[in-house]
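Novice: This is the structure I want to talk about, given as structure tokens.
The values are calculated or read from the model by the stated rules, or taken from the named source; none is laboratory data. Note that the coordinates shown come from a computational prediction; the quantities given were computed from them, not determined experimentally. Glycine also receives a Cβ, built like all others from the backbone with ideal geometry; neighbour counts cover every protein chain displayed. When the accessible area is computed, the model is the full protein with side chains, heavy atoms only, and any ligands, DNA or RNA have been set aside. Shrake-Rupley method; radii C 1.70, N 1.55, O 1.52, S 1.80 Å.
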Amino acid sequence: EKQGFRHFMAKEIYEQPAVVRTCLEAYLDLDWTPGSNKSPFKLDLPESIYKDLENIQIVACGTSLHAGMIGKYLLEELAQIPTAIQYASEFRYSPPPLTPNTLTIGITQSGETADTLAAVEIEQSRRKDKEPKYYSRLLAVTNRTDSAITRVVDCVIDTHAGMEIGVAATKTFMGQLMAFYFLSLDLAHRRGTITVDRMAEIITGLKVLPSQIEVILETQEKYIEELSHSFLETRDAIFLGRGINFPIALEGALKLKEISYIHAEGYPSGEMKHGPIALLDAKVPVIAITMPGKVYEKAVSNAQEAKARDSHLYGVVAASDKDAAEIFDKVLPVPDVDELLSPVLTVIPMQLMSYHIAAMRGLDVDQPRNLAKSVTVE
Ligand code: BG6
């Protein structure tokens, strides 16, 4: 059932192009053209979700939280809706003051995570007896349409990733990202916060993502497997990213902790000088995501500060980036892509790195110590 792969995690990393294709078919009218006056999106959510919508709040844990952080960026950038995100475990005991006309989104691949379920339930119960503008609107983004969270919420976006066995989430994260691209585009389209040209551009970009992921898997996997040997003695690592790629730095660090047992921290690149820079020396590698876009120059100069501290510097960069070989000790190129879509590609080298480092160290990749696929206790 591993279909020739050594671990489920590897199989699931390779299933990601198919997850994106399935989500495109499910949520996008593939015949849509910019001239059409119909919506290109087919999310099938009730009108009550959209009516007078003013605010969004997202609750989740772990990798799902990182998908939500990218979701916040997309909802604010594309649909111009103020979006808050909180760890579900924090939200349940310290929920923020009620805001009117608010959509609450719980993200959980399993649909069973106790903290996420509780956060969504609390939101529903504390809004129950209020005036109508405070009524709860609850949406779940999940990979299990038969799970506990689906019985609490008003509606669901299915992430269509298929069963995920590896404890460290990979393909379900990809499905969650797709859910947020389509939700934020759908909202942007309805609210008139995006031009048809920009929408068409992003849709075109979304359609080529599956083949771009395949390019990374085909061209980078062997190289990353070789690189993993330089992490044999590594005890600490720092991941840096800015803007929409900051959550990918967090995800890279989480993956390295979860399955490789290497202490890793993800930081917004610009924050490194305010503390973590003190940790850097030749023993602490830095993995920086520096994709073309509005934060490119800043992210590069942040990465160079790390090199000045003797850290071995890895760069996740665009294939067309001619300067990368000079800036970084090792370059992990991904195909050129719209900045807004780039997390879909930059996460792939993160997954491959943690996978190969864990496999090289002989660790139980699919069942890391102390972790469970679905955490139904508080
Ligand atoms: C953790 C898993 O315990 O639960 C993480 O180890 C996962 O990989 C997190 O991201 C949240 O799970 P779920 O099912 O709510 O997305």
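Novice: When residues of the range 255-274 are filtered for being within 16 Å of the ligand (Cβ to nearest atom) and open to solvent by 10 Å² or more (accessible area, probe 1.4 Å), how many remain?
Specialist: Final tally of qualifying residues: 4.
Novice: For the range 230-240, state whether one or more residues are part of a helix (DSSP H, G or I), more than 18 Å from residue 358 (Cα to Cα) and at pLDDT 95 or above.
Specialist: From the range 230-240, those part of a helix (DSSP H, G or I) are 230-231; that's our starting set.
Right, trim to more than 18 Å from residue 358 (Cα to Cα) and you get none.
No - not one qualifying residue is present in the range 230-240.
Novice: I would also like to ask the following. Filter the helices (runs of 4 or more DSSP H) completely within the range 19-138 down to those with at least 3 residues that are within 16 Å of the ligand (Cβ to nearest atom), in contact with a helix residue (DSSP H, G or I) (Cβ under 8 Å, 6 or more places away or on another chain) and open to solvent by less than 10 Å² (accessible area, probe 1.4 Å). Lay out the reasoning, then the answer.
Specialist: On the way: elements: 47-50, 62-79, 88-91, 114-127.
Counting at least 3 such residues, we get 62-79, 114-127.
Novice: Moving to a separate point now. Can you work out which of the residues in the range 305-314 that are outside any loop (DSSP other than H, G, I, E, B) and farther than 11 Å from residue 272 by Cβ is most open to solvent (accessible area, probe 1.4 Å)? I'd like the intermediate steps shown before the answer.
Specialist: Initial filter on the range 305-314 (outside any loop (DSSP other than H, G, I, E, B)): 305-307, 313-314.
Now narrow it down to the ones that are farther than 11 Å from residue 272 by Cβ: 307, 313-314.
Numbers: 307: 68, 313: 0, 314: 4 Å².
Going through the qualifying residues, I end up with 307.
Novice: Just to check your reading of the model, which residue among 232, 183, 177 is over 14 Å from the mean Cα position of the chain (by Cα) and either free of Cβ contacts under 8 Å to residues at least 12 places away in the same chain or closer than 26 Å to residue 52 by Cα (or both)?
Specialist: Exactly one of 232, 183, 177 is over 14 Å from the mean Cα position of the chain (by Cα) and either free of Cβ contacts under 8 Å to residues at least 12 places away in the same chain or closer than 26 Å to residue 52 by Cα (or both), namely 183.
Novice: Mind listing whichever residues of the range 334-378 are crowded, with 19+ Cβ neighbours inside 10 Å, among the hydroxyl-bearing types (Ser, Thr, Tyr) and over 16 Å from the mean Cα position of the chain (by Cα)?
Specialist: Of everything in the range 334-378, just one residue is crowded, with 19+ Cβ neighbours inside 10 Å, among the hydroxyl-bearing types (Ser, Thr, Tyr) and over 16 Å from the mean Cα position of the chain (by Cα), namely 355.
Novice: Still on this structure, I have one more. Looking at the range 165-223, which of its residues are open to solvent by 20 Å² or more (accessible area, probe 1.4 Å) and within 16 Å of the ligand (Cβ to nearest atom)?
Specialist: Of everything in the range 165-223, just one residue is open to solvent by 20 Å² or more (accessible area, probe 1.4 Å) and within 16 Å of the ligand (Cβ to nearest atom), namely 165.
Novice: I'd like the full set of residues that are crowded, with 20+ Cβ neighbours inside 10 Å, hydrophobic (A, V, I, L, M, F, W, C) and in contact with a helix residue (DSSP H, G or I) (Cβ under 7 Å, 6 or more places away or on another chain), limited to the range 275-297. Spell out the reasoning first.
Specialist: Quick first cut of the range 275-297, residues crowded, with 20+ Cβ neighbours inside 10 Å only: 280, 284-291, 295.
Subset that is hydrophobic (A, V, I, L, M, F, W, C): 280, 284, 286-289, 291, 295.
280, 286, 287, 288, 289, 291, 295 - these are the residues of the range 275-297 that are crowded, with 20+ Cβ neighbours inside 10 Å, hydrophobic (A, V, I, L, M, F, W, C) and in contact with a helix residue (DSSP H, G or I) (Cβ under 7 Å, 6 or more places away or on another chain).
Novice: May I ask you to list the residues in the range 139-164 that are more than 12 Å from the ligand (Cβ to nearest atom) and part of a helix (DSSP H, G or I)?
Specialist: So the first thing to find is which residues in the range 139-164 are more than 12 Å from the ligand (Cβ to nearest atom), and the list is 139, 145-146, 150-158, 160, 162-163.
Scanning the range 139-164 gives 150, 151.
Novice: Among the residues that make up the range 35-58, is at least one of them within 16 Å of the chain's Cα centre (by Cα), farther than 30 Å from residue 224 by Cα and modelled with pLDDT of 95 or more?
Specialist: There is at least one residue in the range 35-58 that is within 16 Å of the chain's Cα centre (by Cα), farther than 30 Å from residue 224 by Cα and modelled with pLDDT of 95 or more.
Novice: Would you mind telling me which numbered condition in (1) open to solvent by less than 20 Å² (accessible area, probe 1.4 Å); (2) outside any strand (DSSP E or B); (3) of a type outside the set (Ser, Thr, Tyr); (4) within 16 Å of the ligand (Cβ to nearest atom) residue 300 fails?
Specialist: With (1) open to solvent by less than 20 Å² (accessible area, probe 1.4 Å); (2) outside any strand (DSSP E or B); (3) of a type outside the set (Ser, Thr, Tyr); (4) within 16 Å of the ligand (Cβ to nearest atom) applied to residue 300, the lone miss is (4).
Novice: Still on this structure, I have one more. Can you pull out the residues in the range 143-164 that are of a type in the set (A, V, I, L, M, F, W, C), crowded, with 22+ Cβ neighbours inside 10 Å and under 25 Å from residue 345 (Cα atoms)?
Specialist: Once the filter is applied, which keeps residues that are of a type in the set (A, V, I, L, M, F, W, C), crowded, with 22+ Cβ neighbours inside 10 Å and under 25 Å from residue 345 (Cα atoms), the range 143-164 yields 157, 161.
Novice: Right, next: Conditions first: (1) modelled with pLDDT of 95 or more; (2) β-branched (Val, Ile, Thr); (3) touching an Asp or Glu at 6+ places or on another chain (Cβ under 9 Å). Residue 259 passes all but one, so which condition is the exception?
Specialist: Status for residue 259: all satisfied but (1).
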